[in-house]
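Below you'll find the structure, written out as C-alpha cells, and then a few comments.
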Number of protein chains: 2
Amino acid sequence: MKEKVAIIGVGHTEFGELWDRSWVDLVEEAGLKALEDANIKKNDINKFFLGNMSLGMFGGQEHTASKVFSEIFNSSPGNQVLGRRIEGACSSGGLALEASFNDVLAGAHQGEDRVIMAGGFEKMTDKPTDEATKILSAASDMGKELGFTFPALYGMLKDRYLEETDAEEEDFDYIAVKSHKNASLNKRAQYSFEVSHDKVKKSFKVANPTKLLNSSGIADGAAALIMTTERKAKKLDADYILLEDVRGVNDSIALFERDDILTLVSTKKAAELVYESTGFGPGDIDIAELHDCFSIAEALALEDLGFYPKREAWRWIRKSLSDCEDKQAPVPYKLPNGDELFVNTSGGLKAKGHPVGATGIAQAVEVTEQLRGNAGDRQVEGARIGITHNVGGSGGTAVVSLLRKP
Amino acid sequence: MKEKVAIIGVGHTEFGELWDRSWVDLVEEAGLKALEDANIKKNDINKFFLGNMSLGMFGGQEHTASKVFSEIFNSSPGNQVLGRRIEGACSSGGLALEASFNDVLAGAHQGEDRVIMAGGFEKMTDKPTDEATKILSAASDMGKELGFTFPALYGMLKDRYLEETDAEEEDFDYIAVKSHKNASLNKRAQYSFEVSHDKVKKSFKVANPTKLLNSSGIADGAAALIMTTERKAKKLDADYILLEDVRGVNDSIALFERDDILTLVSTKKAAELVYESTGFGPGDIDIAELHDCFSIAEALALEDLGFYPKREAWRWIRKSLSDCEDKQAPVPYKLPNGDELFVNTSGGLKAKGHPVGATGIAQAVEVTEQLRGNAGDRQVEGARIGITHNVGGSGGTAVVSLLRKP
C-alpha cells in the first residue's frame, strides 16, 4: 500500500542580521524547536538533510553534517544518524525538502518508518553586503566573472515584462507593500514593519528597474521540520499535515539560453508534476509561499504556477493590492474565478527574509502552521491546501510542494 | 513487492592533473560514458545527484546542477530532469550513491521506475597545492583556523596505532606498494606506476609519521553511474549489477570527541547496517574499494569493516603484502579463515587518485566493472560480491554499500 508522508513538527529561528550567533547555533535552535514541536527525541531521527547554498564561501566550513552531528546529536548516546548538505543555490532548502520526502518513501518501501529532519540555513551577514552579493552571484552562469548580480538579472526580467505588457513599474511595488504588511504580523520576520507604496516607489534603484524595496535582503536564519510516514504520525498521535508531493525541475542556468525569459519553465513543469500526481490544481489552493526574491519574481510565479494567464498577473496585482495599505493583513489576491489566494502570509522572501538555504524549508514551516491553524495573527481561516515554491538562481532550479490538512 | 536497485551503466574519466579541462568537461565525459554504457538517452534520466565537496571554494561556482543541466541535458528537447549537489566532504560521492539508491526505491513505492544518474567530481588542481590543502581542511573542525591538515590528522591516528600495537611504521608502507601495483593496471589512474617498499619508506614526511607515499594526492576527475529498478533493468535487457544496500552514519567531526580514535564508529555502524540488511558478512565479500586516503586509513578500515580484529590488521598486512613487490597484481589480502580479499584493485585513493567528491562513485564503478567481469587486466576472477567504503573527513561520515552479481 502506498504510504503518505506527514510533517509532524516545525522549527524556525528569527531571520535577520544575527551577528552574535553562529550558523551552528541557528541550525541547533531550529532543529531542537522542531523536535520539541514533534514531541520526539534526537535519537528518533534517522537522517537529516540540510539545504545550504555556500557555507564554504560564507563561512569556510564544509562537511556541515558532521559538524551538526557533533554539536547537536552527539550529546545523545547511542545515536545513529546520517546527515548531508544539499546544494542547489537558493533552492537548496526546497531540494532538502524533496530529498527528505523521497527518503521517507524509500524507507516505506523497505518496511521502515523513517523519521527525517529536513533543515535549511544560511549565515550571510558575516560578510560585507558587496561580498555576499558576489557569493550569491556564484549561483548564476559565470556571474562572478561577468559581473552579473541577481538584482540585475531579475531587473532584466522586469524590463522585459514592462516591454511586453501594459504593466507599469509601480504595479510590482504593491507586492512589496503587501509582503511587508504580512510580515508586520510575523515576529520571526527580518523586516517586520509596513512600507507605503510611495516609499517602495521612491526607494533607490539597486539595478534599474530593480529597486531596493523590490528586493529581499541579506539575512541569517535556519528552519527545520520533521517528517515521517503517515502511519508513524498516527502512532505518535501527532498533529500532522500531509506533504502530498514535492517535485523539482531544472532549467538552463543562463537567461540567454531560454526561449521565453518571462516563463520559468522549471516552475511551470514542477507545478504541473505536482498537480498531476496529487489531483489538485491552482483552483484548490488556499495559501502559497512563493519565491519572491524580487517583486517581479512573485508576479512571474503567480503566472507559471497557473493562478493567472501568462503576462496577465499585473492586472490582478493591481486589482487585488492597489488599496492594500488600508486593509487588514494578511491581504489576499483575487483570482479570476472570484476566489481568494493568500500569498506569502509569512512576509515572503522580501520581508520575512531570505537566508537562501533556509527559504525552501521556512516556506513549508509557514504552510504547515497555517494548515494546522496556529499561524497566530496572520492565520488564514479555513486553509486546507497550500503550496510552496522555491527557486534556485533565476529559475535554473524550481521545487514545488503541495501540503494538505488531513 | 520489494523492488531491488540495479546499476546499469558506468562512466569514469582519467584521474589526474587535468589542467586543460573544466569541471563541466569532466562531469560531461563521465555522464555521457555512463549513458552510453547503459545504452540509454539523456531524456531517460529523471534525476541526477552530484557528489562534490567544494566547487564553491575550488572554482567559485554554486548551483552546480543547473550548470550541468545547461551543458549536458539542455541540448535534448523535452528534457525534464532534477539535479542537485550533495556535500559531505570526501564522502560526497558515497552520499550521492546513497541518495540515488533511496530515490529509486522512493519511485518504486510510488509505482515509478525512475532512472537516476549518480555522479561525483572534484576539480582541485586549478588551485596551488597548499591552497587546495587548506580548502580540504574545511572538512575538519576548524581546520583552517587551527592549522590542522588531513595528513596531520591521519598522522595522529597512525601515531596512536604505533603506540598501542607492535606494528612497525613500515608495515603501512606495504599498503602503498600494493595500491600502486594495482594502479599500474588501471589506465584511468593518476599514479599508474609501481613503487618499491624502499621508496615509500624513504619518501619525505608530509606530517610525521605520514609520508608523501602514504598519502593520496590532489586530483581532478569525475565518475558517474546509472541506476534504476531491477524490473526496469530487465526490461532494458541490461547487463546489470544489484546495489543491495547503501548505508551511512555520522560521527563527531573532531577526533578529541571520540572514545577511541582508532575506531571509526561511522564505518563500523554503516557496515553493520549493510551486513544486517543484506544478510551478507565480511566472509562473503570478494572485493572491496576502501577509503585509503592515507595508508593508516586502509588498515583501520579493514578492522572496522570486520575483516580483521581491532588492532590486528598490521599482522595481516605484513603477512599478505610483505612480498607483494614480486607478485602479479592485483595482490590480495589473506583473511584469518584462509580466504583472499582483493582491496582497491583500482589502485585506491592512493594511486588511482582522490578527486574527493568523485571517490564514492568511482569506487562503485570499479566494483561494478569487477562484478560484470570487464575490469580488464586487473579482473578478479569469479568476483560475485563487493563493497565500497567512503569516508568524509577523519570519519565524521562513512558510507558503505554492497553490490552483488545477480
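The values are calculated or read from the model by the stated rules, or taken from the named source; none is laboratory data. What you are looking at is a predicted structure, and each value in this text was computed from that prediction instead of being measured. Heads up, the Cβs are rebuilt from the backbone with ideal geometry, glycines too, and the neighbour counts pull from every protein chain shown.
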### Task
Output yes when any residue across segment A:73-81 is within 25 Å of residue B:94 (Cβ to Cβ) and modelled with pLDDT of 95 or more, and no when none is.
yes
### Message
Checking the conditions here, which among B:139, B:176 is crowded, with 23+ Cβ neighbours inside 10 Å, aliphatic (A, V, I, L, M) and within 14 Å of another protein chain (Cβ to nearest Cβ)?
### Response
B:139
### Query
Only one of (1) among the β-branched types (Val, Ile, Thr); (2) surrounded by fewer than 24 Cβ atoms within 10 Å (Cβ to Cβ); (3) within 10 Å of chain B (Cβ to nearest Cβ) is not met by residue A:68, so which one is it?
(2)
### Query
Looking at A:160, A:188, which one is within 27 Å of residue A:287 (Cα to Cα) and either without any contact (Cβ under 8 Å) to a residue 40 or more places away in the chain or assigned by TED's automatic domain parsing to the domain that holds residue A:363 (or both)?
A:188
### Query
Restricting to helices (runs of 4 or more DSSP H) lying wholly in segment B:223-318: which have 1 or more residues that are touching a Lys or Arg at 6+ places or on another chain (Cβ under 7 Å), touching a residue at least 24 places away in the same chain (Cβ under 8 Å) and closer than 27 Å to residue B:52 by Cβ?
B:265-278, B:295-304
### Task
Please work out which one of (1) modelled with pLDDT of 95 or more; (2) surrounded by 19 or more Cβ atoms within 10 Å (Cβ to Cβ) is the condition residue B:283 fails and give its number.
(2)
### Summary
The condition of being of a type in the set (Asp, Glu) and within 20 Å of residue B:220 (Cα to Cα) holds, among B:340, B:312, B:381, B:366, only for B:366
### Query
Of all the residues that make up segment B:1-26, how many are within 18 Å of residue B:230 (Cβ to Cβ), touching a residue at least 24 places away in the same chain (Cβ under 8 Å) and assigned to a loop (DSSP other than H, G, I, E, B)?
2
### Task
Output the number of the condition that residue A:291 fails; it satisfies all remaining conditions of (1) within 16 Å of the chain's Cα centre (by Cα); (2) closer than 22 Å to residue A:382 by Cα; (3) of a type outside the set (S, T, N, Q).
(2)
### Task
From (1) at pLDDT 95 or above; (2) in contact with a Lys or Arg (Cβ under 8 Å, 6 or more places away or on another chain); (3) not in a helix (DSSP H, G or I), pick out the condition that doesn't hold for residue B:354.
(2)
#### Entry: Members of segment B:71-80 that are on the phi < 0 side of the Ramachandran plot, touching a residue at least 24 places away in the same chain (Cβ under 8 Å) and either more than 8 Å from every other protein chain (Cβ to nearest Cβ) or surrounded by 24 or more Cβ atoms within 10 Å (Cβ to Cβ) (or both)
B:71, B:72, B:75, B:76, B:79
### Query
Is it the case that residue A:27 is more than 23 Å from residue B:139 (Cβ to Cβ) and modelled with pLDDT of 95 or more?
no
### Hits in segment B:81-118 - residues which are touching a strand residue (DSSP E or B) at 6+ places or on another chain (Cβ under 7 Å), closer than 20 Å to residue B:249 by Cα and within 7 Å of chain A (Cβ to nearest Cβ)
B:85, B:86, B:87, B:88, B:89, B:95, B:99, B:103, B:105
### Summary
Scanning segment A:224-280 residue by residue, those among the acidic types (Asp, Glu) and touching a Leu at 6+ places or on another chain (Cβ under 6 Å) turn out to be A:244, A:245
### Message
Quick check on residue B:269: is it closer than 24 Å to residue B:198 by Cβ, assigned by TED's automatic domain parsing to the domain that holds residue B:186 and touching a strand residue (DSSP E or B) at 6+ places or on another chain (Cβ under 7 Å)?
### Response
no
### Message
Which residue is surrounded by the most Cβ atoms within 10 Å (Cβ to Cβ), if the candidates are limited to segment B:32-59 and must be within 14 Å of chain A (Cβ to nearest Cβ) and among the hydrophobic types (A, V, I, L, M, F, W, C)?
### Response
B:53
### Message
Taking the condition of being facing chain B (nearest Cβ under 10 Å), farther than 21 Å from residue A:103 by Cα and not acidic (Asp, Glu), how many residues in segment A:234-261 meet it?
### Response
4
### The one condition in (1) charged (D, E, K, R); (2) at the interface with another protein chain (Cβ under 8 Å from one of its Cβ atoms); (3) in a helix (DSSP H, G or I) that residue B:62 fails to fulfil
(3)
### Task
Scan segment A:349-406 for residues that are of a type in the set (S, T, N, Q) and more than 17 Å from residue A:290 (Cβ to Cβ) and report the count.
2
## Note on the structure
Those residues of segment B:383-398 that are touching a Leu at 6+ places or on another chain (Cβ under 6 Å) and facing chain A (nearest Cβ under 9 Å) come to a total of 1
### Task
Name, by its number, the condition in (1) in a loop (DSSP other than H, G, I, E, B); (2) more than 9 Å from chain A (Cβ to nearest Cβ) that does not hold for residue B:29.
(1)
### Query
So which of A:285, A:261, A:253 is within 20 Å of residue A:348 (Cβ to Cβ) and among the hydrophobic types (A, V, I, L, M, F, W, C)?
A:285
### Query
at pLDDT 95 or above, under 21 Å from residue A:240 (Cα atoms) and in contact with a strand residue (DSSP E or B) (Cβ under 9 Å, 6 or more places away or on another chain) - does that describe any residue in segment A:328-343?
no
